[in-house]
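Worksheet: one structure, shown below.
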Amino acid sequence: MNELNNEIKKNTPDSSGPNPMIASPEGALSFLFVIFALLMWYVSIDHSYNLATLMAIGFTWLILSIGALIASLVNIIRGSSRGNANLLVTILLGFFPGVNTMISVLSSISGTHYNPSIVGMMYLIGAVFAIGSAVPLVNKPFYIFLRTLFVGLGLFFVGWGDVGNNDVILAIGGWFLFAFALLSFYYGLSVLYLALGSRLPQGRSLSTLWRGRK
């Protein structure tokens, strides 16, 4: 909860100066990441959609990615510790799958073959970074640790599924991203509620839970 309190302090502009502080887009980014993860979950487990549906998904993905990119850059300009991580997630969950989806549509229309394995390799690299980033979060609320771990595992299995052209592994990654979406939704609500003067339960950290077992 201290982390969220600090974030809300950053969210509050200082109106006494000529250049008020830029409000944090952290809450909005969380909800955008929810949408990205749900889109990846959908295209990973359901392959019965037609080209028109896929094109609509791709356009939506890219448009929302532009908004997430702007918000991530705002966080970097503000000096937020999560700015770079936000930018990476925007690329991995927003632009990469959005572009990948649009290329898949265009390749189907033109009758050419498209292999998404190169995007899958990028997912695998991002997965290593995300899973490694979860380790320092053992002192944060447990769901925040799980949120980072799940996005890393989701990217790992989606990347593996793309490289190996395996729908089962792809679906496993999709379900990890679905779990990430649920936790991101709760995190976004927590930031919103705290900004409005209320609090949602945050739970204990992984390190605290581990010490409690001893």
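Under 1.5 on a/c is rounded, so check that first for the range 129-214, then, if it is not, pick prolate when a/b is larger than b/c and oblate when it is not; a ≥ b ≥ c are the square roots of the alpha carbon gyration tensor eigenvalues.
oblate
If a helix is a whole DSSP H run, which ones in the chain reach 30 Å or further along their own axis (Cα) and hold a mean Kyte-Doolittle hydropathy of at least 1.6?
Helices passing the filter in the chain: 51-77, 167-195.
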Problem - Linear extension gain, ASN84 paired with ALA23, 0.36 nm per residue minus alpha-carbon span - result: 20.3 nm
Problem - Karplus (6.51, -1.76, 1.60) ³J(HN,Hα), θ = phi - 60°, over the range 79-87, in Hz, Gly and Pro reported as x - result: x, 5, 5, 9, x, 5, 5, 4, 5
Exercise for the section: Label the chain by shape, choosing from rounded, prolate and oblate, from the square roots a ≥ b ≥ c of the eigenvalues of the Cα gyration tensor; if a/c is under 1.5 it is rounded, and otherwise prolate applies when a/b is larger than b/c, oblate when it is not. Expected result: oblate
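Classify the range 72-144 as rounded, prolate or oblate from the Cα gyration tensor: take a ≥ b ≥ c as the square roots of its eigenvalues, call it rounded if a/c is under 1.5, otherwise prolate when a/b beats b/c and oblate if not.
prolate
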Exercise for the section: Would you work out which of SER104, VAL34, ASN165 lies farthest towards the positive end of the dipole of the chain? Charges go on Cβ: Lys and Arg +1, Asp and Glu -1. Expected result: VAL34
Practice task
Pop out the carbon and sulfur fraction of the accessible area of the range 62-214 as a percent, whole number, probe 1.4 Å.
Solution key: 72 percent
Problem - Long-range HN-HN contacts of SER205 with modeled amide H, under 5 Å - result: PHE142
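The values are calculated or read from the model by the stated rules, or taken from the named source; none is laboratory data. If you're wondering where the values come from, they're calculated on a predicted model, not measured in any experiment. FYI the Cβ positions are ideal-geometry reconstructions off the backbone, even for glycines, and counts take in every protein chain you see. All accessible areas refer to the heavy atoms of the entire protein, side chains included, with ligands and DNA or RNA removed. Shrake-Rupley method; radii C 1.70, N 1.55, O 1.52, S 1.80 Å.
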